[in-house]
Amino acid sequence: MTAQSGPPTPARRAVLRGSVAAAAAGAVGWQTATAAQAAPAPAPRAGAEAAEPRIYGTAEWGARPPEIDILVEDHVPTFIVVHHTADPGNSEDYSLEHAKQICRDIQNFHMDGRGWGDTGQQFTNSRGGFILEGRHQSLDVVRGGTQHVQGANVGGHNSEVIGIENEGIYTDVDVPPALWDSLVALVAWIATQYGRPVENILGHRDFNSTECPGNILYGRLQELRDAVAGAMGVQSATPSVWPLLRPGSTGAQVRAAQHLLRAKGFEGLRADGVFGPATKRAVVKLAEVHGVEQHVCSAAHHRTVDETGYLGSDIWPLLTPRLTEGANSEVGEAVATLRRAGGRTKGGSELLTPRDWKGLLGS
Ligand SMILES: [Zn+2]
C-alpha cells in the first residue's frame, strides 16, 4: 500500500464523509455501547471545513529515514488522541528550531531507545505553536483522507488512533496559548479530513491507565472539542469516559472500586475510600490476571513517575460487571456508594451497562 498525496477534491471528501459517518455507528471496542445509546453525531456541514495548518514535514526537520516499512492501513482512524511528551519538561524556547530539535530527539529515542523503527506519534505540537509531522507519511496520508498511518502511541489501539504529542508536561500547569491554538487547528483539520465526530477526540488516558496528557490538559479536552466543533461548523458533543484513580486518590470512586475489587475476589481489601498500597496491589494483580499491559506515555525520554497500579480506562471494564445491582452485595455497595455521591443511573432492576457505570462514576 502506498500513501496518497495531495488534498482530496471537495467532491471526494463529501463522499468520504458519508461512508465514514456510516462506519462510525459500528465503532470498535467500548465505544460501541456508548455510541449506540448516544444521540447520533451531527453530520459536518458542507463548506465549514477546517483548513490545513502549516505542518513541517519530516524532511523539513531532518528526520532519519525509517527503519521499518511504514504501515498504511486502508481505513481512517476512529479516534484523535492528545498526549503530552512529559519529559524533558516545559521549555521556554518557543522557536521553530527548538520544535525541530524535539522531533529529532523523540525520533532518536523511539528508534534507538524503544526499537520502533520510526517516531511513534503521527504529529508533534510544540510549546511555540509549531506543528510537525511525526511518523513518516503521516502528513500525506491525512491529506488523502481515506487511510491511516499506524503509529505507536496508544498501547493496544494503534490501528484506531492518530496521536498528537504536545511538548511539555501538564499535570500542574496550563499549556501556552500558542500550543493551544495550534492544537485546535491541527485537530480540526484532522477531524475534517477523516470526518470524525468531536466526541472521538480523546486523551491517552481514555485508553490506558496513564497520567498522560496531564490533569490540566486532559481537563481542557471538552474545551478543545468545543473549539474544534466551532472551527468545523458542527455541534459539539461530550464523550462518556472512565475516571483515572491512582495511589493517593480518595473518595467515593475509590470506595466503589474497592467494593468492585472485593467482588472480584479481593475479599481482604477494606473499602475505606483511600487508594493505599493494598488497593494498588489488588489493581496490579487484576491487570496481571487479565493480561493488561502497562502502557505509559512513550514520548518521554526518561520516566520519572511510576504509574504502576493506576486504575483507568483499561481496568474499569474488568471491574464493572453487566449485572443488576442486586445480583452481588459488593456490586450493590459500589452502586449505592456512587449514588450517594451523586452518580447518575437508571433503576436497580436492569443490567448495568458500561455507559451506566460511567454515569455512576460521574463522568
Ligand atoms: Zn500519551
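Would you pick out the residues in the stretch 90-102 that are more than 16 Å from the ligand (Cβ to nearest atom), surrounded by 15 or more Cβ atoms within 10 Å (Cβ to Cβ) and assigned to a helix (DSSP H, G or I)?
The answer is LEU96, HIS98, ALA99, LYS100, GLN101.
For the stretch 182-295, which fully contained helices (runs of 4 or more DSSP H) count at least 2 residues that are among the basic types (Lys, Arg)? Please lay out each step first, then the result.
Numbers: elements: 215-219, 221-232, 252-263, 277-289.
Answer list for the stretch 182-295: 252-263, 277-289.
Any residue in the stretch 78-107 that's within 30 Å of GLN147 (Cα to Cα): show its pairings with residues that are within 13 Å of the ligand (Cβ to nearest atom) and among the aromatic types (Phe, Trp, Tyr) at Cβ separation under 7 Å, as long as the two are six or more apart or on different chains.
HIS84/TYR170
Would you say PHE109 is at pLDDT 95 or above and within 16 Å of the ligand (Cβ to nearest atom)?
Numbers: at pLDDT 95 or above: no; within 16 Å of the ligand (Cβ to nearest atom): yes.
No; evaluated as a whole, the condition is false for this residue.
Among the residues of the stretch 47-89, which ones are surrounded by fewer than 16 Cβ atoms within 10 Å (Cβ to Cβ) and in contact with a Lys or Arg (Cβ under 9 Å, 6 or more places away or on another chain)?
Residues satisfying the conditions are GLU60, GLY62, ARG64.
How many residues, within the stretch 201-228, are within 23 Å of PRO354 (Cα to Cα) and more than 16 Å from the ligand (Cβ to nearest atom)?
Going through the stretch 201-228 one residue at a time, the tally reaches 2.
Please determine whether any residue of the stretch 170-181 is part of a helix (DSSP H, G or I), surrounded by 23 or more Cβ atoms within 10 Å (Cβ to Cβ) and among the charged types (D, E, K, R).
No; the residues of the stretch 170-181 include none that is part of a helix (DSSP H, G or I), surrounded by 23 or more Cβ atoms within 10 Å (Cβ to Cβ) and among the charged types (D, E, K, R).
List pairs: first residue in the stretch 112-141 and closer than 14 Å to ASN166 by Cα and of a type in the set (Phe, Trp, Tyr), second residue at pLDDT 95 or above and assigned to a loop (DSSP other than H, G, I, E, B) anywhere in the structure, Cβ distance under 9 angstrom, at least six positions apart or on different chains.
PHE123/GLY134; PHE123/ARG135; PHE130/ARG54; PHE130/TYR94; PHE130/SER95
Filtering the stretch 144-160 down to residues that are farther than 19 Å from PRO66 by Cβ and not small (Gly, Ala, Ser), which residue is nearest to the ligand (Cβ to nearest atom)?
Restricting attention to the stretch 144-160, the residues satisfying the condition of being farther than 19 Å from PRO66 by Cβ are 145-146, 154-157, 160.
Filter once more, so that each one left must be not small (Gly, Ala, Ser): 146, 154, 157, 160.
On the way: THR146: 26, VAL154: 7, HIS157: 11, GLU160: 15 Å.
Checked the stretch 144-160; the qualifying residue nearest to the ligand (Cβ to nearest atom) is VAL154.
Being crowded, with 24+ Cβ neighbours inside 10 Å and away from the ligand (no atom under 16 Å from the Cβ) narrows it down to one of ALA237, ALA256, ALA231, so name that one.
Details: ALA237 fails: crowded, with 24+ Cβ neighbours inside 10 Å; ALA231 fails: crowded, with 24+ Cβ neighbours inside 10 Å.
None of the other options fit; the residue is ALA256.
Consider THR304 carefully, then state whether it is in contact with an Asp or Glu (Cβ under 7 Å, 6 or more places away or on another chain) and either modelled with pLDDT under 95 or assigned to a loop (DSSP other than H, G, I, E, B) (or both). Talk me through it step by step, then tell me what you get.
Working: in contact with an Asp or Glu (Cβ under 7 Å, 6 or more places away or on another chain): yes; either modelled with pLDDT under 95 or assigned to a loop (DSSP other than H, G, I, E, B) (or both): yes.
It is true that THR304 is in contact with an Asp or Glu (Cβ under 7 Å, 6 or more places away or on another chain) and either modelled with pLDDT under 95 or assigned to a loop (DSSP other than H, G, I, E, B) (or both).
Identify the single condition in (1) within 15 Å of THR85 (Cβ to Cβ); (2) away from the ligand (no atom under 12 Å from the Cβ); (3) under 13 Å from the mean Cα position of the chain (by Cα) that VAL198 does not satisfy, given that it satisfies every other one.
It is condition (1) that VAL198 fails.
Please work out which residue is nearest to the chain's Cα centre (by Cα), limiting yourself to the stretch 311-330 and to residues that are modelled with pLDDT under 95 and either surrounded by 22 or more Cβ atoms within 10 Å (Cβ to Cβ) or of a type in the set (D, E, K, R) (or both).
ARG322
The values are calculated or read from the model by the stated rules, or taken from the named source; none is laboratory data. Keep in mind it's a predicted model, so treat the numbers as computed, not measured. Backbone-built Cβ (ideal geometry, glycine too); neighbour counts: all protein chains shown.
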